[in-house]
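Below: the structure, in structure tokens.
The values are calculated or read from the model by the stated rules, or taken from the named source; none is laboratory data. Since the structure is predicted, the reported quantities are computational estimates derived from the model, not experimental observations. FYI the Cβ positions are ideal-geometry reconstructions off the backbone, even for glycines, and counts take in every protein chain you see.
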Amino acid sequence: GQLHNINRNNFDFINIIALIIIYTAVLLVGITGLTVMISLLKTNIRSLTTIAFLNLMVAHFLFLLTVPFRIYYYVSQTWQLGQGFCKLVSAMVHIHIYMVFTIYSILLTIRFLHFYKKTQRTEFYRRLHGLGASALVWFILLIIILPVVLKQYGQKTISLPENQCFKFGDEIHNYVYALNMVLSIFIITVSCLQTCIQVIILRSMILKYGPASRSQQEFWVQIKNLSFVLIMLTCLVPYHLFRLQYLNNIDGLHQINEVFLAITGLTCFDMLTFTGKNIYKVLGYHSIVMCL
């Protein structure tokens, strides 16, 4: 029994170190990526792609605001900021997951339809339409849905000590359990489906153009789409695959679930991926300005 406790403590210690490293990397790279994206963002805010990136940046920004508090908790192993704020920080990582997945899926679907000539329109009729639609979505999410979620979140964990946080496993029961299962299976299925479509598109282009594919602008658009797909497969899908098991053993898998949850934050790396070689120009420019 004593050996089991020692092994358990070592395992928990390794998980905590992993959480600190992952969230620190997410925070540093996320801030850098947002800075670069703001510098490079197109002025055509009627473009669906630009609107998607704007919403992606907002999702990352709101999530990154909560990351320092997660790092603080895992380093100090105590929570002194109240259970209400704990629930908010805990909820934001899940909101981030679903917003990122939704934005990725919408953008990929639009680009897939455009490739197959099912739609030619990739812009809003007026610039205010795109901004208005985005503002409405975030208003509904943050002003209406989030308060309702926070009110229900944590009701079953009344006995949770004030100095502990992010332990809301008791919330997962009945319809909440079923909802989590459905959402996880849905995200896994859609991600795999979009991966298959992307592979088919790239294969068709390579078969059509051969070595000349790299000179086609559409080919590089599809390569960027592949970046979305790969980020979903490496950051979002593993968490939801593991969650199918976690939902049936919440107490035993809590710590490792937190690690998989932290990995979803690595989606913030997408900003660096999508800026491509332009990041070096921006970073070089800012370095020169700082030197001056």
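Observations, loosely collected:
- Which numbered condition residue 199 misses (of (1) within 17 Å of residue 107 (Cα to Cα); (2) in contact with a helix residue (DSSP H, G or I) (Cβ under 8 Å, 6 or more places away or on another chain); (3) surrounded by fewer than 14 Cβ atoms within 10 Å (Cβ to Cβ)): (2)
- Output for segment 97-111, where each listed residue is under 12 Å from residue 55 (Cβ atoms) and either touching a residue at least 60 places away in the same chain (Cβ under 8 Å) or of a type in the set (Gly, Ala, Ser) (or both): 100, 104, 107
- Helices (runs of 4 or more DSSP H) lying entirely in segment 184-284 (those with 3 or more residues that are at pLDDT 90 or above): 217-231, 237-246, 254-264
For (1) of a type outside the set (A, V, I, L, M, F, W, C); (2) over 16 Å from residue 265 (Cα atoms); (3) at pLDDT below 90, each residue gets a yes or a no:
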position: 2; (1), (2), (3): yes, yes, yes
position: 9; (1), (2), (3): yes, yes, yes
position: 12; (1), (2), (3): yes, yes, yes
position: 22; (1), (2), (3): no, no, no
position: 26; (1), (2), (3): no, no, no
position: 33; (1), (2), (3): yes, no, yes
position: 37; (1), (2), (3): no, yes, yes
